[in-house]
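> Dumping the structure here so I can ask a few things about it.
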Amino acid sequence: MILSRLMALFAAMLILASCGSPSKFRTYNGPEVTEIRVYKAERRMELWHHDRMLRAFRVDLGYPNGHKQQEGDRRTPEGRYYIDRRNPNSRFHLSIGISYPNAEDRARAAARGVSPGGDIFIHGRGPRFRNVRGDWTDGCIAVTDRQMEDIYAMVRDRTPIEIFASRAAARTQKAPVAVMATPVQPVPVQPMPGQFAPMVHDQPAPGAAMPPPAQGVPGQPLAAADWLAQAPAP
């Protein structure tokens with residue numbers, strides 16, 4: 001009796017060992033993710049298909065206040081970028097890269113004589129940071145490992161990503177501020193005899209730019225459980 005139980009237990013252990021650990025690579029057959037939106041103040045990331053929100057995630061950041069100015073400041077950048085690479089062997093489980101710095105970031109950093117930095121990713125936690133609390137990254141956007149598996153499957157390379165300081169900044173299309181711009185001084189205009197002097201308005205500082213408006217309109221989240229399936233272990 002005891003021998004038969006031991007044999008059954010041994011057989012079960014062999015079956016479990018043959019199955020291996022679950023794969024972290026998943027398949028996705030749902031609507032294309034056409035844009036990623038991140039709201040830093042709300043610690044929220046959303047995946048959109050045009051005007052429909054597919055998924056939303058609670059995220060951890062680096063230093064949350066302000067646009068990234070230079071290497072080592074641990075800030076999460078703000079602005080419009082795109083997904084430009086992916087790392088299936090990341091020490092943070094899985095990761096997809098963000099195209100920071102762009103041309104404007106490099107120009108601002110060069111004007112200050114500093115490096116703009118780089119290596120900004122959306123990634124999981126990995127074993128080392130599994131239980132960390134609060135904002136802990138060096139400027140990246142972090143989710144749980146399980147959430148990162150879904151994001152890795154859903155988001156394609158070249159997908160646009162818009163990172164806002166907050167929802168309020170997104171509504172007002174506020175440009176990220178890295179360096180205090182020098183205002184242009186108004187030029188006095190001499191009126192013609194018998195005329196009032198016309199008003200002169202300040203113009204935007206050279207190089208100042210507004211990010212393009214966010215695409216789409218707020219929608220309702222869609223259940224994505226049926227679109228994601230775990231791929232078999234290799």
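What follows is calculated from the coordinates using simple rules that are stated; it is not laboratory data. Since this is a predicted model, take the numbers as computed values, not measurements. Methodologically, a virtual Cβ is constructed for each residue, glycine included, from the backbone with ideal geometry; neighbour enumeration extends over all protein chains shown.
> Along region 116-133, what does the Karplus equation 6.51 cos²θ - 1.76 cosθ + 1.60 (θ = phi - 60°) give for ³J(HN,Hα), rounded to whole Hz, x for Gly and Pro?
Values, residue by residue: x, x, x, 6, 9, 10, 9, 8, x, 9, x, x, 6, 10, 4, 10, 6, 10 Hz.
> Moving on. For region 19-138, rounded, prolate or oblate, judged on the Cα gyration tensor with a ≥ b ≥ c (square roots of eigenvalues), a/c < 1.5 rounded, else prolate if a/b > b/c?
Note, shape of region 19-138 comes out prolate.
> Whole-Hz ³J(HN,Hα) for each residue in region 80-89, computed from phi via Karplus 6.51 cos²θ - 1.76 cosθ + 1.60 with θ = phi - 60°, x for glycine and proline: what do you get?
9, 9, 8, 7, 10, 6, 8, 10, x, 10
> Spin-label point model (7 Å from Cα, Cβ direction): what's the residue 136 to residue 107 distance in nm?
Each label point is offset 7 Å from its Cα along the Cβ direction, giving 3.9 nm.
> Taking amide H positions as placed in the peptide plane 1.01 Å from N, state which residues far from residue 44 in sequence (5 or more) or on other chains have amide H under 5 Å from it.
So residue 44 has HN proximity to 39, 59.
> How far apart, in nm, are two points set 7 Å out from the Cα along the Cα-to-Cβ line at residue 43 and at residue 128?
Result: 2.2 nm between the two label points.
> Once you list every other residue whose beta carbon is under 12 Å from the beta carbon of residue 111, what net charge do they have if Lys and Arg are +1 and Asp and Glu are -1?
Value of the local net charge: +1.
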